[in-house]
1. What number comes out for the charge environment of Val98, summing +1 per Lys or Arg and -1 per Asp or Glu over other residues with Cβ under 12 Å away?
2. Would you calculate, for the chain, the mean residue ellipticity at 222 nm contributed by helices, counting each DSSP H stretch of 4 or more residues as -39,500 (n - 2.57) and dividing by all residues, to the nearest 500?
3. For Gln17 and Lys29 in one chain, what is 0.36 nm times their gap in residues minus the Cα-Cα distance, to one decimal in nm?
4. So, with +1 on the Cβ of K and R and -1 on the Cβ of D and E, and no other charges, what is the size of the charge dipole of the chain about its Cα centre, to the nearest 20 debye?
5. Roughly how many percent of the accessible protein surface of the chain is carbon and sulfur, given a 1.4 Å probe and a whole-percent answer?
6. Find the centroid of the Cα atoms in segment 148-176 and in segment 2-31, then give the distance between the two in whole Å.
7. What is the local net charge at Leu53, summed over the other residues whose Cβ is closer than 13 Å to its Cβ (Lys, Arg +1; Asp, Glu -1)?
8. Please figure out what share of the DSSP beta bridges in the chain is antiparallel and state it in percent, rounded to the nearest 5.
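The values are calculated or read from the model by the stated rules, or taken from the named source; none is laboratory data. Here the structure is a predicted model, which is why all the values come from computation and not from measurement. Using ideal geometry, Cβ is built from the backbone for each residue, glycine included, and neighbour counts are taken over all protein chains shown. Quick note on the areas: whole protein, heavy atoms, side chains included, nothing else; ligands and nucleic acids left out. Shrake-Rupley method; radii C 1.70, N 1.55, O 1.52, S 1.80 Å.
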Amino acid sequence: MSLKEKIYSFIARRQPQREAKWPHWESVKHVLVLYESDFVEKNPAIRTIRTELQKHHIDAVFWGYVPKKEVQSAVLPQSRIVGMKDFTILGFPRKELVQDLQQQEYDIVIDLNQSNALPLRYLCLLAKAGFKSGMAPIGQLPNTPMVQSPCDLQIHTQPQETPEFLFQQILYYLTNIQSND
């Protein structure tokens, strides 16, 4: 485990414990989607996911991460792409980015991070949400404490699966599992 991973694990353990509450899909209004942006920042898969969430009348905010210094995309209220410049050398988001992220509370965070990108894990960890879902860390078997995940629902898929596939799996479980709460 690298120094950055150890620091992330330390910070994740020190976060206040929150009580995850399984969402009733019919009452979900605000969703934060975290994803790995492609290098040219076009992201056709994210457009498909945005359309799917609009069909359910959900207000979705999309935050992408691209591992380059200069990001070309504009910061919009419903969409933002962040780059390496928005994070410290240890991968922690800069203060302004955390403030922007925590301005709104979300019903669900859907983390489509498929490569365990540390900046996206930090964003998922720091986002204010009642429920967080995403892919289980790559190479991690269920119930092993290798990599600290901020997600309440972890989907085990192959790393080569598309973000749309991961989103459909998460959506399937969110819409079909009913809670007694």
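1. Working: positive: Arg94, Lys95, Lys128; negative: Asp86, Glu96, Asp100.
It works out to a net charge of 0.
2. Values: 5 runs with 54 residues, N = 181.
Result for the chain: -9000 deg cm²/dmol, rounded to the nearest 500.
3. Working: separation 12, 0.36 × 12 = 4.32 nm, distance 2.36 nm.
Value of the extension gain: 2.0 nm.
4. Numbers: 20 positive and 19 negative charges, 114 e Å.
So the dipole magnitude of the chain works out to roughly 540 debye.
5. Values: 5330 of 10070 Å².
Within the chain, the accessible surface is 53 percent carbon and sulfur.
6. 15 Å
7. Details: positive: Lys29, Arg47, Arg50, Lys55; negative: Glu52, Asp59, Asp107, Glu164.
Result for the local shell: 0.
8. Values: 2 of 25 bridges.
Of all bridge pairs located within the chain, approximately 10 percent are antiparallel.
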